[in-house]
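Engineer: Structure incoming, see below.
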Amino acid sequence: MLNGKVALVTGGGRGIGREIALTLAEKGAFVVVNYRGSEEKAKETVEAIRHAGGTAVSYGCNVADFTDCGEMIKNLIEEYGHIDILVNNAGITKDSLLMQMSEEAFDSVVDVNLKGCFNTMRHLSRQLLKQKGGKIINISSVSGILGNPGQANYCASKAGIIGLTKSAARELGSRGITVNAVAPGLIETEMTKGLSENARKTLEEKILLKRSGTAREVAEAVAFLASDAAGYITGQVIAVDGGMAV
Ligand code: NDP
């Protein structure tokens, strides 16, 4: 279903990004697994994809760096001719209450989560316009819809992604390019490993399905949006949250 497509997944070496990379590859895409710090994990993900009969390469780049993102996109287009699917998945948290939050904690989270999306989209959009097609999927969060105490920086970045997604969808739609966001709820990864039992219980009580989600469940929604089956869907925010934000 994604045969012949080139997909770039930022932060694809571990967590939700790894599962997105595996799922897109399973469906036939050639996947570029971007990483920043986790080179080994990105290589393992590439190996897992190849082992399953798919094709992939890893590529190191800090998505928060405008110039480096430009280089990455340029090099990938030179090497593979086109990029058809961009999944902006890379993200970090630096939680604290607003009145204690450092400027660095705010800036760095916004730089990776929000500006990272801008950086890749900014550098890829000209190519997508030339191609007269492409799919951009940005990973937001239920926190960007609801807000969350202790995560003002993270929620601001994830809400910002929704505005960026809708604006880009409006700018690029006439050329057949779709831009959507996926807003996961509570998903079991390294990012949520640190949650106390109490915090987890409180969160799970708010989830209609009474359980946390899996990275695969997020990846399946991303793969759908990346496919032609979702050809008439753009500017949307699809919550994969067990009904948490209803
Ligand atoms: P993880 O902490 O498990 O993984 C984060 C990923 O982001 C890693 O692959 C990491 O790569 C990458 N990354 C971080 N900074 C950069 C950077 N500067 N440049 C490139 N890559 C970077 O998190 P999750 O898998 O849980 O989260 C994935 C996405 O889903 C994030 O955007 C997160 O906000 C979102 N999300 C997660 C939820 C959850 O419950 N887990 C809920 C809602 C949204 P590396 O190690 O190489 O730096």
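The values are calculated or read from the model by the stated rules, or taken from the named source; none is laboratory data. Model, not experiment: these values are computed from the prediction. Positions of Cβ are backbone-derived with ideal geometry, glycine not excepted, and every protein chain shown enters the neighbour counts. Remember, those area values only see protein heavy atoms, side chains included, never the ligands or the DNA or RNA. Shrake-Rupley method; radii C 1.70, N 1.55, O 1.52, S 1.80 Å.
Engineer: Through the Karplus equation 6.51 cos²θ - 1.76 cosθ + 1.60, θ set to phi - 60°, convert the phi angles of the range 120-129 into ³J(HN,Hα) values in whole Hz; use x for Gly and Pro.
Structural biologist: With the stated coefficients, the range 120-129 comes to 6, 5, 4, 7, 8, 4, 4, 5, 5, 4 Hz.
Engineer: Whenever you get a sec, line up Met1, Met99 from highest to lowest accessible area (probe 1.4 Å, protein heavy atoms). Working shown, then result.
Structural biologist: Numbers: Met1 125, Met99 170 Å².
These residues rank, largest area first, as Met99, Met1.
Engineer: Give the calculated FRET efficiency between Arg126 and Glu79 to the nearest 0.05, with a Förster radius of 22 Å applied to their Cβ-Cβ distance.
Structural biologist: Numbers: r = 17 Å, r/R0 = 0.78.
Once rounded, the FRET efficiency stands at 0.80.
Engineer: Sticking with this one: Straight-line reach from Lys130: which aspartates and glutamates fall under 13 Å, measuring Cα to Cα and dropping same-chain residues less than 8 apart?
Structural biologist: Filter leaves Asp84.
Engineer: Also: Considering amide H positions built from the backbone, and no H for Pro or chain starts, which residues 5 or more places from Val240, or on another chain, come under 5 Å of its amide H?
Structural biologist: Hits under the 5 Å cutoff: Ala183, Gly185.
Engineer: Just to make sure I understand: if all protein chains stay in place, what is the order of Arg216, Arg170 by accessible area at 1.4 Å, largest first? Can you show the working numbers first?
Structural biologist: Working: Arg216 70, Arg170 205 Å².
The most accessible residue leads, giving Arg170, Arg216.
Engineer: Here's a follow-up. Going down the list Lys5/Lys41; Lys5/Lys206; Lys41/Lys132, which pairs span over 29 Å between their C-alpha atoms? Provide the component values of the computation, followed by the final result.
Structural biologist: Details: Lys5/Lys41 23 Å; Lys5/Lys206 38 Å; Lys41/Lys132 34 Å.
Violating the 29 Å limit, Cα to Cα: Lys5/Lys206; Lys41/Lys132.
Engineer: Please work out the C-alpha center-to-center distance from the range 1-44 to the range 168-245 and express it in whole Å.
Structural biologist: Here the two parts' Cα centres lie 17 Å apart.
Engineer: If you add up the charges near Glu217, with Lys and Arg at +1 and Asp and Glu at -1, over every other residue whose beta carbon is less than 13 angstrom from its beta carbon, what do you get? Walk me through the intermediate numbers first.
Structural biologist: Numbers: positive: Arg211, Arg216; negative: Glu19, Glu188, Glu220, Asp241.
Residues near Glu217 contribute -2 overall.
Engineer: For Ala56, which sequence-distant residues (separation of 5 or more, or a different chain) have an amide H within less than 5 Å of its own amide H, given hydrogens modelled in the peptide plane?
Structural biologist: Answer set, sorted by chain and number: Val31.
Engineer: In terms of Cα to Cα distance under 27 Å, which lysines are near enough to Lys210, apart from those fewer than 8 places away along the same chain?
Structural biologist: Lys94, Lys158, Lys193, Lys201
Engineer: Tell me, what is the 1.4 Å probe accessible area of Ile49, in Å² to the nearest 10?
Structural biologist: Spelled out: Ile49, probe radius 1.4 Å, area about 0 Å².
Engineer: So how tilted is helix 39-51 from the main axis of the chain? Cα-based, degrees 0 to 90, rounded to 10.
Structural biologist: Once rounded, one gets 60 degrees.
Engineer: Heavy-atom accessible area per residue, the range 1-143, 1.4 Å probe: how many Å²?
Structural biologist: The answer is 45 Å² per residue.
Engineer: Convert each backbone phi in the range 5-22 into a coupling constant with the Karplus relation 6.51 cos²θ - 1.76 cosθ + 1.60 (shift: θ = phi - 60°), then list the ³J(HN,Hα) values in order as whole Hz, x for Gly and Pro.
Structural biologist: Those phi angles translate into 8, 9, 10, 10, 10, 6, x, x, x, 8, x, 4, x, 4, 5, 5, 4, 4 Hz.
Engineer: About its Cα centre, how strong a charge dipole does the range 6-240 have in debye, to the nearest 20, once Lys and Arg get +1 and Asp and Glu get -1 at the Cβ?
Structural biologist: My answer is approximately 620 debye.
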